[in-house]
Amino acid sequence: SDPVDWEELKQDGTPLNEPGKLFEWDLSELPAGEVVLRLFLKSVNDTYAELKMRLNLQVPTPTPTPTPVDPMWTQPPTSIAP
C-alpha cells in the first residue's frame, strides 16, 4: 500500500519550459527494499499529472578498503638447513 505521508524531495514554483532533469535523488542513505516514488506535477493552467512507481532498491555491498602495505617491509629470508 501507499505511504500515509509523502516526503517532498523538491518544491519550487518555477515553471519548466523544456523537459529536463527535475531532481537528483541520493539513494545512498536508503535501505534495500521497496519504496514508492510519487511524481506530482502542477501546470500553470491549474491542472496536474501524477505518477506512482514502486521501486525495489538493491543496494550494492560496500567494497572493502584494501589494507595498505608498508613498502619498506620485506619478508625475512628463508634459511635452508644443511
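The values are calculated or read from the model by the stated rules, or taken from the named source; none is laboratory data. As the structure is a prediction and not an experimental result, all values here were calculated from the model. SASA here: full protein model, heavy atoms, side chains in, ligands and nucleic acids out. Shrake-Rupley method; radii C 1.70, N 1.55, O 1.52, S 1.80 Å.
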Provide the per residue accessible area, probe 1.4 Å, for the chain, rounded to a whole number of square angstrom.
102 Å²
Report in % the part of the accessible area of the chain that belongs to carbon and sulfur, leaving out ligands and nucleic acids; probe 1.4 Å.
55 percent
Using only Cα atoms, what Kirkwood radius does the chain have, in angstroms?
18.6 Å
